[in-house]
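Colleague: The structure that follows is given in the form of structure tokens.
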Amino acid sequence: MTQTYSQLTIDERGVAWLTLERPEVHNAFDDSLIAELNTHLERLHVAAERGEIRLVVLGSEGKSFSAGADLGWMQRMVEYDFQGNLADSRKLSALMHGLDTLPCPTVCRVQGAAFGGAVGLAACCDIVIASEKARFCLSEVKIGLSPAVISPYVQRALGARQMRRYALSAEVIDAPTALSLGLVHQVVAPEALDDAVAAMLETLLAGSPQAQRATKALLFEVAREPDSKATRERTCQVIAELRVSAEGQEGLASFFEKRRPNWTPTDKTATERDA
């Protein structure tokens, strides 16, 4: 039986749970885990484009979110030549890009330490909810390396000025500081972490799946060229397309008719909560 280091499950609401399962080594990355995650992300991209999933939650088992690179993997990389290291780095880059560009909303659940590449995973998610015990660190320079592959995503989250400090100093960032820097969106007590994630999922599930996908795609364009003529025209096209779409019409109708739109969960718990 082939050993696996991660798991992908999809619940009845269309929420996909992508979970790192190497708690004995603090969910550290190695080439096998990266390959697994890339395979999962390829599947999730297709499923999200087809509307088969609504959301993705990235999490992990154990006390740590992820310690970054696995020590055994790093020892093997020492023996690689330049081309071998380049090929290896491209697989990690594909992981970050794949997570960052998932069409549907993504939520990252951080219960503990997130070091090295794990900071990149968090930065690639749309929403990060962290325990008060969470710690973040761009630790690479301490061992003669650089947070190179993850830098586009982390710098986008932190801003260029703060990125310079933390990428060069390798300081540990506690949860409140991560919140103030914009790396994390919400910090809660450890025992409240799962409830906070559940509440965020419920909030996201109330939104139109089509509108969320369109908005996420549009925001990538807006970030690249905030005020170009092409971007302004694209914003007009997106809202016009959504207004005449089936979900757009349903959303407006449900608003004026004071009822729940047809994409929202209809389970008993949700109904009772709205009553």
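The values are calculated or read from the model by the stated rules, or taken from the named source; none is laboratory data. None of these values were measured; they are calculated from a predicted model. Note: ideal-geometry Cβ built from the backbone for every residue, glycine included; neighbour counts use all protein chains shown. For accessibility, only protein heavy atoms count, side chains too; no ligands or nucleic acids. Shrake-Rupley method; radii C 1.70, N 1.55, O 1.52, S 1.80 Å.
Colleague: Restricting the search to the stretch 247-265, which residues are open to solvent by 70 Å² or more (accessible area, probe 1.4 Å), closer than 27 Å to Val15 by Cα and either among the aromatic types (Phe, Trp, Tyr) or touching a residue at least 24 places away in the same chain (Cβ under 8 Å) (or both)?
Modeller: Residues of the stretch 247-265 that are open to solvent by 70 Å² or more (accessible area, probe 1.4 Å), as a first pass: 249, 252, 255-260, 262.
Narrowing further to those that are closer than 27 Å to Val15 by Cα: 249, 252, 255, 258-260, 262.
Within the stretch 247-265, Phe255 is the sole residue that qualifies.
Colleague: Spot the failing condition for Leu86; the list is (1) open to solvent by 30 Å² or more (accessible area, probe 1.4 Å); (2) closer than 23 Å to Leu44 by Cβ, and only one is missed.
Modeller: So the condition that Leu86 fails would be (2).
Colleague: A follow-up question, please. Residue by residue through the stretch 34-59, note down the ones that are closer than 15 Å to Thr19 by Cβ, among the β-branched types (Val, Ile, Thr) and open to solvent by 30 Å² or more (accessible area, probe 1.4 Å).
Modeller: Thr39
The rows are residues; the columns are (1) surrounded by 15 or more Cβ atoms within 10 Å (Cβ to Cβ); (2) within 24 Å of Gly72 (Cα to Cα).
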| position | (1), (2) |
| --- | --- |
| Thr4 | no, yes |
| Thr9 | no, no |
| Leu18 | yes, yes |
| Ser32 | yes, yes |
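Colleague: Quick check: anything in the stretch 75-89 touching a helix residue (DSSP H, G or I) at 6+ places or on another chain (Cβ under 7 Å) and in a loop (DSSP other than H, G, I, E, B)?
Modeller: We begin by selecting, within the stretch 75-89, every residue touching a helix residue (DSSP H, G or I) at 6+ places or on another chain (Cβ under 7 Å); these are 77, 80, 85, 88.
Right, trim to in a loop (DSSP other than H, G, I, E, B) and you get 80.
Yes - at least one qualifying residue is present in the stretch 75-89.
Colleague: Hey, another quick one. Residues that are within 30 Å of Met77 (Cα to Cα) and either at pLDDT below 95 or open to solvent by 60 Å² or more (accessible area, probe 1.4 Å) (or both): list the helices (runs of 4 or more DSSP H) wholly contained in the stretch 128-238 that include at least 2 such residues.
Modeller: Fully inside the stretch 128-238 and qualifying: 151-158, 160-169.
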